[in-house]
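What follows is a set of notes on a single structure, which appears directly below.
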Amino acid sequence: MRVLITDDVHSILIAKLNRIGYMVDYQPDISIHEVKLCIENYDGLIINSKILVDHEMMDLGSKLKWIGRLGSGLEIIDLNYAKNKQIHILSTPEANCNAVAEHALGMLIGMLRNIPRANREVKNMHWFREKNRGEELSVKKVGIIGCGHTGSRLAHILGGFGCEVKVYDKYKTIPRIHENMYQVQDLSDLRDCDIISFHLPLSPETKYFCNKEFINQIHKPFYLINTSRGSVVNTMDLIEALKNGKILGAALDVFENEKPNSYSESEKSMYNELYAMENTILTPHIAGWTFQSKEKIAEVLFNKIAKLVA
């Protein structure tokens, strides 16, 4: 049995796959074109986000029995076609959900307390205390949209701050984690929230879920957090809301286009405007990117592979 690993992984995954009889080809710098040239030789494929597994890739991989996703986003895999070809899809959303939730919390507190701006000002010998007077999280109402592994973990963490947490998930009933958490049945129930955090997979249903119409449904200015997928939020509508005060601040770890070298002229203009805004905190898709989550992802994925082939 042979498996191709196309991205950086913790070494324990390779060692453990070897232990159960897999010959592992570890090629973290391989291109999608190079994968297509050799995929016919493999029973298993492990990917992160750079390899798109579409009809063509699966047809070329005629021996493929399973595909392992390092992380949670499955929009890069044609799931229906994989099902038709009886290729098992394994992912690890439970492995980095705590990392993402902690990152969302850090960005949120950074916004509420003006930490990035105050840090820059102090380093430039400016001492503006009143200008940087902040807000306390404990008195805020937080809306969480999408309550899978990460949304649930963030709801749990927020319980320790004493704030009211409203969770909205169209497809599941969420256990009540703490006394200040409530599941709401309609998006309109989030209209009084001070903070809204998105934890949705990307699909045709969720693309531009947060647009001008959604923003205008919220009755007061609010803070926005997105650590899910960039295209869940319409960037142009977000910029407009940041300018007109409908959104007080935005914390973004994900973006519609995460490859600056590929920006079109219109994208350059759009992102330059977003990046220049004082009321944003932006990070390069690192929410789930911790030393601990790297090892957890390897452990969880290996356990799923071992169970599948047992």
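The values are calculated or read from the model by the stated rules, or taken from the named source; none is laboratory data. Fair warning: this is a prediction, and the values are worked out from it, not measured in the lab. Backbone-built Cβ (ideal geometry, glycine too); neighbour counts: all protein chains shown. Please note that ligands, DNA and RNA were not included when accessible areas were found on the heavy atoms of the full protein model with its side chains. Shrake-Rupley method; radii C 1.70, N 1.55, O 1.52, S 1.80 Å.
Does ILE89 satisfy the condition of being under 25 Å from GLY146 (Cα atoms), surrounded by fewer than 18 Cβ atoms within 10 Å (Cβ to Cβ), of a type in the set (Val, Ile, Thr) and in contact with a helix residue (DSSP H, G or I) (Cβ under 9 Å, 6 or more places away or on another chain)? So ILE89 fits the description; yes. On the stretch given as the range 290-310, residues that are outside any helix (DSSP H, G or I) and modelled with pLDDT of 95 or more total 1. The listed residues are ILE157, ILE145, ILE215, ILE196, and the only one of them that is of a type in the set (A, V, I, L, M) and either more than 22 Å from LEU252 (Cβ to Cβ) or out of contact with any helix residue (DSSP H, G or I) (no Cβ under 7 Å at 6 or more places or on another chain) (or both) turns out to be ILE145. As for the range 105-115, it holds at least one residue that is among the small types (Gly, Ala, Ser), in contact with a Pro (Cβ under 8 Å, 6 or more places away or on another chain) and not in a strand (DSSP E or B). Looking at SER269, is it open to solvent by 40 Å² or more (accessible area, probe 1.4 Å) and assigned to a helix (DSSP H, G or I)? Taking the combined requirement at face value, the residue satisfies it. Residues in the range 90-149 that are in contact (Cβ under 8 Å) with a residue 24 or more places away in the chain and at positive phi: GLY146 alone. Among the residues of the range 272-286, those that are outside any helix (DSSP H, G or I) and over 18 Å from LYS259 (Cβ atoms) comprise ALA276, MET277, GLU278, ASN279, THR280, ILE281. What about SER197, is it in contact with a Phe, Trp or Tyr (Cβ under 7 Å, 6 or more places away or on another chain) and either at pLDDT 95 or above or at positive phi (or both)? In short, no.
Of the numbered criteria (1) among the acidic types (Asp, Glu); (2) surrounded by 14 or more Cβ atoms within 10 Å (Cβ to Cβ); (3) in contact (Cβ under 8 Å) with a residue 24 or more places away in the chain, the one ASP25 fails is (3). With the structure loaded, tell me whether ASN132 is polar (S, T, N, Q), open to solvent by 80 Å² or more (accessible area, probe 1.4 Å) and more than 20 Å from ASP253 (Cβ to Cβ) or whether it fails that test. Here the answer is no, as ASN132 does not meet what is asked. Exactly one residue out of ILE109, ILE115 is modelled with pLDDT of 95 or more, more than 20 Å from the chain's Cα centre (by Cα), of a type in the set (Val, Ile, Thr) and more than 15 Å from MET181 (Cβ to Cβ), and it is ILE115. Filtering the range 278-294 to residues that are more than 14 Å from VAL100 (Cα to Cα) and open to solvent by 80 Å² or more (accessible area, probe 1.4 Å) leaves only GLU278.
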